[in-house]
Amino acid sequence: MASGTFTPVRKWLLLPTWVTIGFFLLLPILLVVVYSFLTKEFRGGVDWTFSLDAYDQFMFDRGLFGDEAPSIEWTYITIFFRSIVQALIATLFCLIIGFPTAYFIATRPASSRSIWVFLITVPYWVNLLIRTVSMKFLIRDNGPMNQGLMALGLIDTPIHLINTNIAVQLGLFYSYLPFMVLPIYASVERYNFALSEAAADLYASRWTILREVLIPSVKPGIIAGCILVFVPSLGAFLAPDLLGGAKTFMIGSLIEEQFKGTAGNWPFGAACAVILLTLVLMALTLYARAQSKERAQEQRAG
Amino acid sequence: MPDAAVSIRGVKKNFGSFVAIRELSFEIRDNEFFTLLGPSGCGKTTLLRLIAGFESTTDGEIFLYGEEIEKLPPDKRPINTVFQSYALFPHMTVAENIGFGLRMLGWNATDINNRVEQMITTVKLDEFSHRKPAQLSGGQQQRVALARAMAPQPRVLLLDEPLSALDLKLRQQMRAELKALQKETGITFIFVTHDQEEALTMSDRIAVMSAGELQQLGTATQIYEEPANRFVANFIGETNLIDATIHSVNGQQVVCELPGGFLLDARIDNSTAVNTGAQGAVSIRPERLSIVAPDTSQQPTNHQGDHSLLNATLIDTTYLGTDTIYSLKLTEDHNLSVRVQNNNALGSKAIGDTVTVCVEAAQFLAQ
């Protein structure tokens, strides 16, 4: 029909998008996948010979000289597991703080909402590295936070946070909170508050309204926020690097190290990135499948 | 003698500096189809929200069957609401929506199922109980909203312009159904609308509101036939409002003088006291005027008084099928609109002809 006439034009108009996606997204991913199957060059870089060494190194321990019987290598699996747990906790904290924040902003008068949204984004005008370093100075043993608490007499000795999981957690939370607030805000702003009134009118308590009416209605925003916080938290390296120590090592730092300077191992770094990408994609696919199943059930019911 | 269903006593409501309700006091009777009628911004929806508990009064008290409810939150008031936007829960099925209130009240699953089934049958949605609201038409959503609000058997049902989103045909059909449902269940309905036709056809009593104040409270006939003031006369139906001065008073019958020196019999509201010389207006409905032959002095038999004839010049006619509207010029500044059924042969009237009109009923309005 009429739209058919425009199809060729539309195809050409989409060309810049396809070029951008191909050049800046697909090609780099392809390169990373290819590099993960190459042999490492000792001063960094790769030797173009096919090899599974990178994946082998991730999974198996063959002793210092590589001549022992392979046993499972737990070092990297532990780092991955720790990263997933850290990212999940960061997501949970962002949700607990982000949801009420988003609700608060969305329930302000329309004229002042944009100011609140602006205030949320203000810290992000400063580079993430600088913000993370500032956080380090704030929370270190003789930093303003501890000195202030001691001056107030609330504590006698400084609270030791630097190089702990809590410090990393704080860094992740601080870095990614707006990614939780903004999509939830967008959802709550579109929420029809008459639904809350209707529920109250039908004898629902405030808690029940939140659980049974508000949260189900803004679920897409909550899920978008969780994905937007979880995924970058999983691969974060600034917060664990600057605020954490050896015991808080995360995937992002592991990958970063492999590409930094001349000591790195490019194929191994690439293999870690591929494994991380696979895990994230699997989680998102499972979620998308669950969603479409739910939708299919609804349609069958209807 | 049962208490009034809802008693509004000196209720005021301000939003910041904006006065939504100036002061209201009236009673809504048990088992009554009561309508709050007025233009948008008159405070009718605000009053409904005060009764439901979504807003709290600035001053005054609201009683429900003799019990003050001002301090109760909405979930503690045995009142349910049908919202203008329906406000159906989008993630729940029709049955879950209707059962929501019952579940909140702690009914057991069997009772909920029975009641939901009964409500679904009442609103004729039997085949749709497992659908989500988005899969229903506007009329069906409206029925779900009605069933959901009525399922917990509230003592008072509030309806906030529930028909305004429906098309004309469906709206007319729903009017009859709502009225029947109210009779059948005996629940007190408080219905908010800006549509006077809706109000006139459905209500036992109507409260006409404007600018946060009650203008008149009465039956459909009372507010149409005996409007209390210019606002009500103008807002309800079509009318001719003509400046008038009281010439003589005899109880509720007055003779007033119209521009051009005509004398006309009119009635006054029994609450209005007027003296000779008082200024005001007469309201004459276009269908209570008729055109008589200018050469006959014979008056229609249904008129009782002595002063009922006016002379005017025909300036325009509008043919409406069943009726014709004649626009007449009474004086330079005053026109009259006359609505005549097309079944009686009036003979052809030409623009510019002088005609004699007979006034069957007129109401003198002091304000």
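The figures follow:
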| read-out | value |
| --- | --- |
| Within the stretch A:19-119, chymotrypsin sites (Phe, Trp or Tyr not before Pro) in DSSP loop having at most 14 other beta-carbon neighbours inside 10 Å | A:Phe42, A:Phe65 |
| Computed accessible area, B:His247, all protein chains, 1.4 angstrom probe, square angstrom | 90 Å² |
| Rounded percent of accessible protein surface that carbon and sulfur make up, the stretch B:6-225, 1.4 Å probe | 47 percent |
| Cross-link table B:Lys13/B:Lys44; B:Lys76/B:Lys124; B:Lys76/B:Lys183, entries beyond 23 Å C-alpha to C-alpha | B:Lys76/B:Lys124; B:Lys76/B:Lys183 |
| Length added when fully stretched, B:Gln253-B:Ala134, from 0.36 nm per residue minus Cα-Cα | 37.0 nm |
| Cα gyration tensor shape of chain A, rounded if a/c is under 1.5, else prolate or oblate by comparing a/b with b/c | oblate |
| Structure-based [θ]222 nm, chain B - -39500 (n - 2.57) summed over DSSP H runs of at least 4, per residue, nearest 500 | -7000 deg cm²/dmol |
| Computed helical MRE - 222 nm, chain A, DSSP H runs ≥ 4 contributing -39500 (n - 2.57), nearest 500 | -22000 deg cm²/dmol |
| Options B:Gly280, B:Ala176, B:Leu264, ranked by Cα towards positive dipole end of the stretch B:167-312, top entry (Cβ charges) | B:Ala176 |
| Volume of the Cα convex hull of chain B, divided per residue and given in Å³ | 181 Å³ |
| Farthest positive-ward along chain B dipole, Cα basis, beta-carbon charges - from B:Tyr319, B:Ala350, B:Met202 | B:Met202 |
| Whole-angstrom gap from the stretch B:1-62 to the stretch A:161-195, using each part's C-alpha centre | 42 Å |
| Cα-centre dipole for the stretch A:83-264 with unit charges at Cβ (Lys and Arg positive, Asp and Glu negative), debye to 20 | 160 debye |
| Projected label distance in nm at A:Phe23 and A:Leu119, using a 7 Å step from Cα toward the beta-carbon | 4.2 nm |
| Nearest-10 value in Å² for the accessible area of A:Leu238, using the 1.4 Å probe | 40 Å² |
| Separation in nanometres of the label points that stand 7 Å from Cα toward Cβ, at A:Leu279 and A:Leu14 | 3.4 nm |
| Straight-distance crosslink candidates among lysines, where the alpha carbon sits under 28 Å from B:Lys329 and sequence neighbours closer than 8 are dropped | B:Lys349 |
| The stretch B:169-220-the stretch B:305-325 distance, computed between alpha-carbon centres (Å) | 31 Å |
| Cα gyration tensor shape of the protein assembly as shown, rounded if a/c is under 1.5, else prolate or oblate by comparing a/b with b/c | prolate |
| Accessible area (Å², per residue) of the protein assembly as shown, counting only protein heavy atoms and a probe of 1.4 Å | 52 Å² |
| Residue with peak Gaussian network fluctuation, chain A [Cα springs, cutoff 10 Å], from A:Gly269, A:Gly252, A:Gly148 | A:Gly148 |
| Three-way shape label, the stretch B:6-225, alpha-carbon gyration tensor, a/c 1.5 | prolate |
| Dipole moment magnitude, nearest 20 debye, the protein assembly as shown about Cα centre, only Lys, Arg, Asp, Glu C-beta charged | 1860 debye |
| Positive minus negative residues near A:Ser71 (Lys, Arg vs Asp, Glu; Cβ under 15 Å) | -4 |
| Inter-label distance for B:Asn234 and A:Ile77, nm, one decimal - labels placed 7 Å from Cα along Cα-to-Cβ | 8.4 nm |
| Förster radius 25 Å - calculated FRET efficiency between B:Ser271 and B:Ala180, Cβ distance, rounded to 0.05 | 0.15 |
| Within straight-line cross-link reach of A:Lys293, lysines at Cα separation under 17 Å, skipping those fewer than 8 residues along the same chain | A:Lys219, B:Lys132 |
| Qualifying trypsin sites (Lys or Arg not before Pro) for the stretch B:1-110 [loop in DSSP, other Cβ within 10 Å: at most 16] | B:Arg29, B:Lys71 |
| Trypsin sites (Lys or Arg not before Pro) lying in DSSP loop within the stretch A:214-302, provided at most 16 other Cβ fall within 10 Å | A:Lys260 |
| Computed accessible area, B:Asp316, all protein chains, 1.4 angstrom probe, square angstrom | 70 Å² |
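The values are calculated or read from the model by the stated rules, or taken from the named source; none is laboratory data. Being a predicted model, the structure only gives us computed values, none of them experimental. So basically every Cβ, Gly included, is an ideal-geometry build from the backbone, and we count neighbours across all protein chains shown. The area values use the complete protein model at the heavy-atom level, side chains included, leaving out ligands, DNA and RNA. Shrake-Rupley method; radii C 1.70, N 1.55, O 1.52, S 1.80 Å.
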